[in-house]
Structure formats: C-alpha cells, structure tokens
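Chemist: My questions will all concern the structure given below.
The values are calculated or read from the model by the stated rules, or taken from the named source; none is laboratory data. Computed from a predicted structure; not experimentally measured. Because the Cβ atoms are built from the backbone with ideal geometry, glycine has one as well, and the counts that use them run over all protein chains shown. Side chains are part of the model used for accessible areas, which takes the heavy atoms of the whole protein and leaves out ligands, DNA and RNA. Shrake-Rupley method; radii C 1.70, N 1.55, O 1.52, S 1.80 Å.
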Amino acid sequence: MMDKIFKAYDIRAVYGDALTEPVAWKVGYAVGSHLKSARGDGAGAVVVSRDMRPSSPSLCDALARGIRAAGPDVIDLGMADTSMMYFAINHLGAMGGVQTTASHNPIEYNGFKISREQARPVGADTGLREIQEIAEGLDSAEKPAVGGYEQRDLWDAYRKHIRGFLTPLKRPMRLVIDASNGMAGAMIPRVFDDVENLEIIALNFEITGTFVHEPNPLVPENMVPTQQAVREHGAALGACFDGDADRCIIVDDRGETIGCDHLTALLAEHFTALDQTNPATHGKPTIVYDLRSSKVVKETVEALDATPMRSRVGHVFMKAAMRDAGAVFGGELSGHFYFRGNYYTDSGAIALASVLSVLGQQQAGLSEVIAPLRKYPQSGEINFRVEDKAGVMAGLKARYGSRADVDELDGVTIDAFDAEGWWFNVRPSNTEPLLRLNAEARDQAKLDALMAELTPQIGEPAVGH
C-alpha cells in the first residue's frame, strides 16, 4: 500500500483509496521518528498545516497524532499555504514540518509535503525512503500520543515577512488574482489587503471544497480567466496560483502569460541589485535557474556581473543548489521561485510581491518591460511516449555529440547555440515511459528545422501529457 503513495518528492494519492486516516497516522509516526533521529538531540516541535481540500482536516489530524506518538510535540498552524509552513519551521526553530496538500491535483487527491529543520526538503534521497520503511513496518494499532499539541496563529508574523519583500508602489496598479479556489484565497486577503496604490480584482477566492478549474496554472486553459480579466479590467498584471499557493504564474498587461524563465531573468536584476547593497554579502551574487530555461537567463545574469548557475529540475535540487551557492534568487519553469531571504525556499506570495516591486517603480507596462527578454523562440515542453528512454537519449548523444556540447546534469542537453543557433534538453520522467523535450533557437526558422529533424528521432508526442 505504501508504495502507491510515496513518490520521488512527496506523498500523494487519491483519498479513500491508498491514502486514508490510518495510513496518515503511520506516515505521521514515521515522520516523527525520522525527524527526531535526524535532529540528533530530538529537540524542537514538528509544524503541521493543511490546505483547503475536504479530506485535509481529518488527514492532518491523523498525521499529527502519529507524529506525537513518535515523541515530538506538534504545532498546528491550521489552514495555510505551503510556503507558510516553510516560514513557520524557521520562525519557530522547529525540527521540521508537514503540509497536508495535493498541490495542483484534482480535488479527490491529497498528500503530504515533508521538510526537515530549516525547511530543507525531504525527498527520496533525503529521508523519504527511510520514512516509507518505518511506515511499512508499523502494525495497524495506533500508539498513544507522547508529544504535546498546540495550535498557533502565525498570520501576523507571516504577513510581516512577506511584506518585507514588497517595495512601496510609486503608481496606482490594478492586479487580477485567480486563487484557483485554493489557499491563495485565504492568503492574499491577509497579506496584501491594504497595499497602498494596489487594487485587487479577485477571481475564485471562495474556498468551497471544489475547483472551478483545476488548480494548475501550467495548463494554458487554466490561465484563461486571468487573461480575460486582465484585458477586461485594464489591469497592470495578473497572477494565477496553484492549490497550495506556492506557485505563481504571471500575466502581463496585454493578457499574455509570461514564461517563468523570462520572469526569472527580470527578477534577477531586482535581486542582484538588492544583494549588492547588502554589506553582509561578499563576491558576486548567484542566480540559480533550471536547465530548461531560455539562454536569455544566463545572458541577463552575466550582464549584471552576477553568477548564473544551472540546476536540475525539481524543488529538491533547486533548493539544494540555492543553499550550496548561497544564491540570492532562483527560478524554475514550473512557477516555483526561490529566495535566500525566505530560507532558500519557494513562495508564490514573495514572487508576486517581487513582480509588484519591480513594476511599481516605473511607468512602463509589464509587456514592454518583458519584451526584450522574449528574445528566442522556444518549443515549450513536449512529452513523448518512449519505452527505451535510455536508448533514445544515447542515440541523440551519438548523433549530435560531434557538433555540439553535451552534458547530463538532468537527462541530456545538446547545445550548439553558439555554432548553429539551437539547443535542446531531453529528460526522462521518473514515473512514466515518457521523455520531455525542451528546445530553443535563435530564430523561428532554426527552431522549425530543429524540431522537424529532432521529433522523428524521439517518437510520437504523447497526447494528454
């Protein structure tokens, strides 16, 4: 049963099927045991919080009972966005935390995102396998609680933390926000309610236990309400959040969705400038970006006299790269943005505050500001159904290796940008027989030619992915 719910980076399944309250108790006990052992001295509490799904209260309660049975105290934040849990772990000096959420998945799903002290992520290679082994070894009977239990309201402290990233706006701005019937509907009014010069047009803020559209802003049709509302209200920008509000996708004043790599390039200048005015920092600031990003990110960071750092895809790898480099800022194509001032973790709220800070200092529209960064045509991520993933990637290396730079940081990246004006990355899915392609070129003709040559070598695009 446990192997059905434990994934590479979190725990997730359909509620009532593989994921039930008794299973949640076992996960809690395993998490409590693991975090207590990892802490060494066993000191500190475990923070728990939950999203707005109908199954979240009972699952979070069972999880908390399991943690307490293993020994640690529990501090319950109640209903909160995932980034608030990261804040709370650090604010309270906790040994770790667990958010009950299924993020962008349909309403019938739920799960757990687990963090260690300092909000370091727990993935398959950083403790999740050990947690699964402990959970699998438990019998069906609940053990009595040992640790204490306390409810804590941290909204005032969290609001102060987020608002610390917001520079006062020098001009009136109208902002459309689609909360996707998720945690942004609870967070936005508490954090951004009285920002001077900011008018918020709220979409899908109601927490009803259902979704008007699935809470995944990476799916283009889910961005349509934000795009339409920006055009209808003449807004300066729009933002659409996922279910647990740790991801934020931005729309410009023309209603066009901004690629997260282009947004990373834009915010790199903002955070590089902030870092250079900080006397506590030494040397060049570092900006981390996921390796699928446009070449314009590296070019922009280097032009700022900062250090660009490519990372593997995924929050576990991005956070590790951020922390290892002491990076001031990082961005991922999935809509996760990472901040040194936020304990090297991601925050949809801080991403929004940062974009508002940049835009609020100038009269130019966001479409005008972002236009120079939309420099090179891109394929977007295309999935291919492939049984022999390793074989296809080996074939690509053999074919292009003599005319391009090749690296295997994540999948295989073939880079002939300087010589021929194109590059691409192909990554295997962790769980499915899929290869994921991202390509970019100096102009559309080069991209079209590359895609015509490349696509037959990989296979047929996977419908529905």
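Chemist: Please report the accessible area of Phe6 (heavy atoms, 1.4 Å probe, ligands and nucleic acids excluded) in Å², nearest 10.
Modeler: Rounded to the nearest 10, that gives 20 Å².
Chemist: Students often get this wrong, so check it: of Lys4/Lys143; Lys284/Lys375; Lys36/Lys143; Lys170/Lys319; Lys113/Lys397; Lys284/Lys389, which have C-alpha atoms separated by over 27 Å?
Modeler: Distance filter (> 27 Å) returns Lys170/Lys319; Lys113/Lys397; Lys284/Lys389.
Chemist: Can you give the accessible area per residue of the chain, in Å², using a 1.4 Å probe?
Modeler: 39 Å²
Chemist: Another one. How much length would be gained if the chain were fully extended between Met1 and Arg171, taking 0.36 nm per residue of separation minus their Cα-Cα distance, in nm to one decimal?
Modeler: 55.7 nm
Chemist: Related question: Nearest 5 is fine: what % of DSSP beta bridges in the chain come out antiparallel, could you say?
Modeler: 60 percent
Chemist: Something else now. What are the principal axis extents of the Cα atoms in the range 119-196, in Å, biggest first?
Modeler: Largest to smallest, the principal-axis extents are 60, 30, 25 Å.
Chemist: Related question: Please label the shape of the range 7-150 as rounded, prolate or oblate, based on the square roots a ≥ b ≥ c of the eigenvalues of the alpha-carbon gyration tensor (a/c under 1.5 means rounded; beyond that, a/b larger than b/c means prolate, else oblate).
Modeler: Details: a/c = 1.34, a/b = 1.14, b/c = 1.18.
Rounded, because the longest to shortest axis ratio a/c is under 1.5.
Chemist: When the accessible area of the chain is computed with all protein chains present and a 1.4 Å probe, what percentage of it is carbon and sulfur?
Modeler: Values: 8830 of 18220 Å².
With neighbouring chains kept in place, the figure for the chain is 48 percent.
Chemist: Between rounded, prolate and oblate, where does the range 240-384 land on the alpha carbon gyration tensor, with a ≥ b ≥ c its root eigenvalues, rounded for a/c under 1.5, else prolate if a/b exceeds b/c?
Modeler: On the way: a/c = 1.33, a/b = 1.15, b/c = 1.16.
Judged from the Cα gyration tensor, the range 240-384 comes out rounded (a/c under 1.5).
Chemist: For the chain, how big is the tail of P(r) above 36 Å, as a whole percent of Cα pairs?
Modeler: That fraction is 29 percent.
Chemist: Could you sort Lys298, Lys319 by accessible area so the largest value comes first, with the probe set to 1.4 Å?
Modeler: Descending accessible area places them as Lys298, Lys319.
Chemist: Roughly how many nanometres apart are two label points built 7 Å out from the Cα toward the Cβ at Asp139 and Asp156?
Modeler: Computed distance between label sites Asp139 and Asp156 equals 4.8 nm.
Chemist: Amide H of Glu199: which non-local residues (sequence gap of 5 or more, or other chain) have their own amide H closer than 5 Å, using H built in the peptide plane?
Modeler: Sorted by chain and number, the residues that satisfy this are Met173, Arg174, Leu175.
Chemist: So which GluC sites (Glu not before Pro) in the range 183-214 end up in coil per DSSP with only 10 or fewer other C-beta atoms within 10 Å? Intermediate values should be presented prior to the final figure.
Modeler: Details: sites: Glu196, Glu199, Glu206; in loops: Glu196, Glu206.
Passing both the DSSP loop test and the Cβ count: Glu196.
Chemist: Only sites in a loop by DSSP and with at most 16 other Cβ atoms within 10 Å count here; which trypsin sites (Lys or Arg not before Pro) in the range 1-109 make the cut?
Modeler: Passing both the DSSP loop test and the Cβ count: Lys7.
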